Amino acid sequence: MITPLILLHPDDNVLVCRAPIAAGFETVIDGDTVTIPAAIEVGHKVARGDLQAGDKILKYGAPIGSMTADAKRGDHVHLHNMKSDYIPSHTRKAVS
Amino acid sequence: MLNTPAITAYLRPDGRKGIRNVIAVAYLVECAHHVARGIVNRFTDYEQLASATIGDAPEVHLIGFPGCYPNAYAFKMMQALTTHPNVGGVLLISLGCESFNREQLKTTIEASGRPVETLVIQNSGGTASTIQKGVEAVKRMQAIAAQTPRVDMDISELIIGTICGGSDGTSGITANPAVGRAFDALGAAGAACIFEETGELVGCEKIMADRAVTPELGAALEASVEKAERYYTIMGFGSFAPGNAEGGLTTQEEKSMGAYSKSGSAPICGILKPGDQPPTGGLYLLDVVPDGEPRFGFPNISDNAEIVELIACGAHITLFTTGRGSVVGSAISPVIKICANPETFRKLAEDMDIDAGRIMEGRATLDEVGSEITDLVLKVAAGARTKSEALGHQEFILTYKAFEPIGPACLPLKRA
């Protein structure tokens, strides 16, 4: 079976969705069958293992932010449970 | 080990090696563009272009600078482009009253050992007469360029650039990381690989700095991204848009990583500015954002300007990733198009060299597409045409910019 989830880098703790997933869909993550609880759109991220608030998220093998809430394996990882860790070293000025 | 076809290069008198043997017809102000194009058109043979490999007759490409006022960046770019290893001869077309220093450019080209002639329209009898004289001049240069010695070329002598354009949600999942794998393979074989567009790297400057071969270079990499963010903010464009979140991107650093993944995973050994040549093999960042206060508008008005800057750094081939679908090529150096989105590939197959969208549909892995890109780079270096070359694409844009020279920390591995 072709999994709809792609691992971009071996160090990553999230997978990227390449085909739409319906809620309740069963797929395989690292050899285990996992039920995806919520619908996932293409390009969105799914937890590769159980994640806790504060965990760094790795994608492309690089930190892209950290969890603000816990997530189970197969859960959607996005704005509701994850935030940026990026702090610009200079002032951002809005352009009017 | 890479599966390498024999690359039989054109050996230039300055010792550099080219994979194409192009006669460049260069207008030195927009007012000379039509005449220059008129000369090039006489040599454009679409049937020959459509053949699978390059022919023996040197092809004729149109390049130029439209501005009437002088600009040090544009002059440096024209010097680098007219002495590019893929160029075997140059015809300069001047109106006559523009401020471009045509004598100094001619001296630079002569010093590189290439045939060069200048035609000044105001002294050559006008449009038709200059076109006629130009056609004869190009024929003379083709005859000289056809005698260029052919020598073996190693992968370690190649310079490869990469750019993304018309990106969508698939770019960062398929084509960009696949190019990263090709960059890793080509860089490991000793090639110089160049990535660019610091404006799209906002948020991953720390991650990038950690890959620098020295801490000083790391600081310079961070500074180049800070410069880009400030510049684009003044232009009125931030980087992270609401549409990015709908596409599944959660953070600024995640979005930037998608573009940054084209760079692969090798250590970063230097920063170049447009027209600088990589002194060794390895991975380089090309800093395309002007220095100082914004003066001439956007850093690059379209993808084509960035491709020209990569070529000015010596790029023999440019890897262009696209999700929405771009059809462009370039004068002087071939462009390989890597399509990220499988739907786009089906719509624009005639323009796409590589179908990286197969990764989206589970029909190929990132590693497989990465190997396919590496193999195609070597085939194109050995004379196979890219899709855009076969379709006759020779886009070229050069406009005004201002740069300071690169700082002392930028090329730590430069040979003494």
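Data table
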item: Unit charges on C-beta of K, R, D, E only; dipole of region B:7-151, Debye; result: 280
item: Under 18 Å from the Cα of A:K59 - lysines, other chains or at least 8 residues apart; result: A:K45, A:K72, A:K83, B:K206, B:K255, B:K262
item: Loop trypsin sites (Lys or Arg not before Pro), region B:11-63, which have at most 16 other Cβ atoms in a 10 Å radius of their Cβ (DSSP); result: B:R42
item: Å² of accessible area per residue within region B:42-87, as computed with a 1.4 Å probe and no ligands counted; result: 45
item: Kirkwood Rh in Å, taken over all unlike Cα pairs in chain A; result: 14.1
item: Accessible area, probe 1.4 Å, largest first, for residues B:T374, B:T280; result: B:T280, B:T374
item: Antiparallel bridge percentage (DSSP; both residues within the protein assembly as shown; nearest 5); result: 40
item: From phi via Karplus (6.51, -1.76, 1.60), per-residue ³J(HN,Hα) for region B:398-404 in Hz, x at Gly/Pro; result: 9, 10, 7, 7, 9, 10, 8
item: Principal semi-axes in Å for the protein assembly as shown [√(5λ), Cα gyration tensor, largest first]; result: 43, 25, 20
item: Kirkwood hydrodynamic radius (C-alpha pairs) into Stokes-Einstein, region B:158-390, 20 °C and 1.002 mPa s, D in µm²/s; result: 122
item: GNM result for chain B, Cα springs below 10 Å: residue of B:I359, B:I163, B:I234 fluctuating most strongly; result: B:I234
item: Placed amide H near A:G65: partners under 5 Å, 5+ positions off or other chain; result: A:I57, A:D85
item: Span-like helix ranges in chain B, DSSP H, alpha carbon extent 24 angstrom or more, Kyte mean at least -1.0; result: B:127-145, B:215-235
item: Percent RCO, i.e. relative contact order, over chain B, from Cα pairs under 8 Å lying at least 6 residues apart; result: 22
item: Buried area at the B-A interface (accessible, heavy atoms, 1.4 Å probe, summed, Å²); result: 2400
item: Label zone at B:R37, where the point sits 7 Å out along the Cα-to-Cβ direction: region B:82-112 residues whose backbone N lies under 17 Å; result: B:93-95
item: Cα→Cβ-extended label distance, 7 Å offset, between B:E361 and A:D55, nm; result: 3.4
item: Solvent-accessible area per residue, Å², over region A:5-83 with all protein chains present [probe radius 1.4 Å]; result: 44
item: Accessible carbon and sulfur surface of the protein assembly as shown relative to its total accessible area, %, 1.4 Å; result: 54
item: ³J(HN,Hα), Karplus 6.51/-1.76/1.60, whole Hz, each residue of region B:269-284, x for Gly, Pro; result: 10, x, 10, 10, 10, x, x, 6, 9, x, x, 9, x, x, 9, 10
item: Accessible surface of B:Y232 - all protein chains present, 1.4 Å probe, nearest 10 Å²; result: 40
item: Distance in nm between pseudo-label sites at B:T127 and B:V327 (7 Å out along the Cβ direction from Cα); result: 2.7
item: Where the Cα pairs of region B:19-70 fall when distances are cut into 5 Å bins, in %; result: 5, 20, 25, 19, 14, 10, 5, 2, 0
item: Overall form of region B:7-151 per C-alpha gyration tensor (a/c, 1.5; a/b vs b/c); result: oblate
item: Solvent-accessible area per residue, Å², over region B:158-390 with all protein chains present [probe radius 1.4 Å]; result: 29
item: Partner lysines for B:K106 [C-alpha distance under 19 Å; skip if fewer than 8 residues away on the same chain]; result: B:K76, B:K133, B:K139
item: For B:V60, distant residues with modelled amide H under 5 Å away; result: B:I23
item: Value of [θ]222 nm, deg cm²/dmol, for chain B, DSSP H segments ≥ 4, -39500 (n - 2.57) each, nearest 500; result: -10000 deg cm²/dmol
item: Euclidean distance of C-alpha centroids, region A:54-78 and region B:47-110, integer Å; result: 50
item: Convex hull volume of chain B per residue (C-alpha atoms, cubic angstrom); result: 134
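The values are calculated or read from the model by the stated rules, or taken from the named source; none is laboratory data. Since this is a predicted model, take the numbers as computed values, not measurements. Every residue, glycine among them, receives a Cβ derived from its backbone with ideal geometry; neighbour counts consider all protein chains shown. Just the protein is used for accessible areas: all its heavy atoms, side chains included, with ligands, DNA and RNA removed. Shrake-Rupley method; radii C 1.70, N 1.55, O 1.52, S 1.80 Å.
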